[in-house]
Structure formats: structure tokens, C-alpha cells
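Student: Please find one structure pasted underneath; my questions will follow.
The values are calculated or read from the model by the stated rules, or taken from the named source; none is laboratory data. Computed from a predicted structure; not experimentally measured. We place every Cβ from the backbone using ideal geometry, glycine too, and count neighbours over all the protein chains shown. Just the protein is used for accessible areas: all its heavy atoms, side chains included, with ligands, DNA and RNA removed. Shrake-Rupley method; radii C 1.70, N 1.55, O 1.52, S 1.80 Å.
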Amino acid sequence: DNTQQVFDALADPEKVVLVQTAPAVRAGLGEAFGYPIGTDVQGKMAAALRALGFDKVFDTNFGADLTIMEEGTEFLKRFIADSHPLPQFTSCCPAWVKYIETFHPERIPCLSSTKSPISMQGALIKTYFSKEKGIDPRRIVNIAVAPCTAKKFEISREELCSAGAYLGIPGLRDNDYVLTTRELAEWIREAGIGFYDLTPSAFDSLM
């Protein structure tokens, strides 16, 4: 549970603390507050994240769109040029990737080389977004909210520091912390935020 690290980041006036939420979170978060299972609480979720103190609230759907385009392009290249083995497996799920690596390493060439949506968007936040806004990427603390604990493992993988490699900043991670849907719900309750009473809010624009 990285909630305390996120608290500390939010309390640090030198940090710019951003959050991105995976698509499934808006359909799962409401259940914790008594809504019917699967209710879309996107607007209230964004409002709650702002009430918790995040400087920007992004939608990981943007990263998902990029992933779709990248995986689709990669598949066409494989299919037309016969350059890599088929079928092509998605690389969006870190639990699935780890399963292939551990139990079927002979199938690793079938995995797409594309980052997952949170990893792709995390790298964009610390390169493109930080440049556009004139923010030192070392000041950015990038949080992802996801439904699965495997995402915590994903962001810790040593190769997922593309922003740091691109910018020449050793140790800079694409994403700093992951919170699960349940951890976010507990935090909202503990903060005394009346989820039902929130006025829906929109996501910020990454581009």
C-alpha cells in the first residue's frame, strides 16, 4: 500500500502530484460507496481526487488509445513482413506478461513490444507534459490508480524508466506509485469526503 508515500508527496510543496485512473476504476469505485455494481462514477471520482489534493487528474484512456494504435501498427508489420511470430499477444497486463516470462518463455517473442497504457502515459507525463508546462520532471510525482495489484509490480520493473533514459536523469521512474481502487475508496472515506454529495468534475487534458 503506497498511500502514505502519496500523502507525503501531497504534503511537499516542491512536488507536483498527478494522478491517472485506469478505465475500470470508474466502474468499480462506486460499489465501495453503495452504488449498483458497474455504475460509472467517473465525474465523482475526478472530483474526489481533486478534493484529495492532486494537482492534475488524467484519464488513462488516452494512454489506452495510444496502446491500441501502437499494438495495431506492430501487428500489421508482423503480418505483412512476417518479421515476428504470430499470434501477437497483448502486453497491457503485467500479470499476463509475468506468466509468459515464467511459464512459457518460448512465447516471449509473441508478446507485443508496446507498453501498457499506464506505462505509456507515465512516460508521456514526465517528458511531453513536463516540457509543455515547464515543470522539472524530477518534481513530478506520478500516481496511477488501477484495479489490479499487479500494476504495482509493473511500475517497479527496472526497464520502465523510459522518461529517465530519454531525459538523461538516472533513477527517474515513469510512474512512481500505484493505488488500487479499494485503496482509493478507503482513502476517500478516511478523508471524510461525502462521495454522494460531490459535484462531478472533468478530467484534465494531457495534450
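Student: Got a sec? What order do His84, His104 fall in by accessible area at 1.4 Å, biggest, i.e. largest, first?
Tutor: Working: His84 90, His104 70 Å².
So, going from the largest accessible area down, we get His84, His104.
Student: Moving to a separate point now. Considering only protein heavy atoms, what is the solvent-accessible area of Arg173 at a probe of 1.4 Å, reported in Å² to the nearest 10?
Tutor: 60
Student: Something else now. Report the accessible area of Tyr99, computed with a 1.4 Å probe over the heavy atoms of all protein chains in place, in Å² rounded to the nearest 10.
Tutor: Counting only protein heavy atoms, the figure is 100 Å².
Student: What is the percent of Cα-Cα separations in the chain that go past 29 Å? Please list the in-between numbers first.
Tutor: Numbers: 5861 of 21321 pairs.
Value for the chain: 27 percent of Cα pairs lie more than 29 Å apart.
Student: Then there's this: Straight-line reach from Lys126: which lysines fall under 27 Å, measuring Cα to Cα and dropping same-chain residues less than 8 apart?
Tutor: Within reach: Lys15, Lys44, Lys56, Lys98, Lys115, Lys151, Lys152.
Student: Using a 1.4 Å probe, how large is the accessible area of Leu206, given in Å² and rounded to the nearest 10?
Tutor: 20
Student: Sticking with this structure for a sec: Nearest 0.05, what FRET efficiency do Ala191 and Phe103 give at R0 = 45 Å with Cβ-Cβ as r? Kindly include the intermediate steps, with their values, before the conclusion.
Tutor: Values: r = 41 Å, r/R0 = 0.92.
That pair, Ala191 with Phe103, gives E of 0.65.
Student: Could you work out how far apart the two model spin labels at Lys77 and Glu159 are, taking each label as a point 7 Å from the Cα in the direction of the beta carbon, and quote it in nm?
Tutor: Placing both labels 7 Å beyond Cα along the Cβ direction yields 1.5 nm.
Student: When the accessible area of the chain is split by element with a 1.4 Å probe, what percent falls to carbon and sulfur?
Tutor: Values: 5960 of 10490 Å².
So the carbon and sulfur contribution to the accessible surface is 57 percent.
Student: Can you sort Lys44, Lys77 by solvent-accessible area, 1.4 Å probe, largest first? All intermediate terms of the calculation are to be shown ahead of the outcome.
Tutor: Working: Lys44 35, Lys77 130 Å².
Final ranking, largest accessible area leading: Lys77, Lys44.
Student: A further question follows. What do you reckon, how do Cys92, Cys110 stack up by accessible area (1.4 Å probe), largest on top? Before the final figure, lay out the partial values.
Tutor: Values: Cys92 40, Cys110 5 Å².
Ranked from most to least accessible, the order is Cys92, Cys110.
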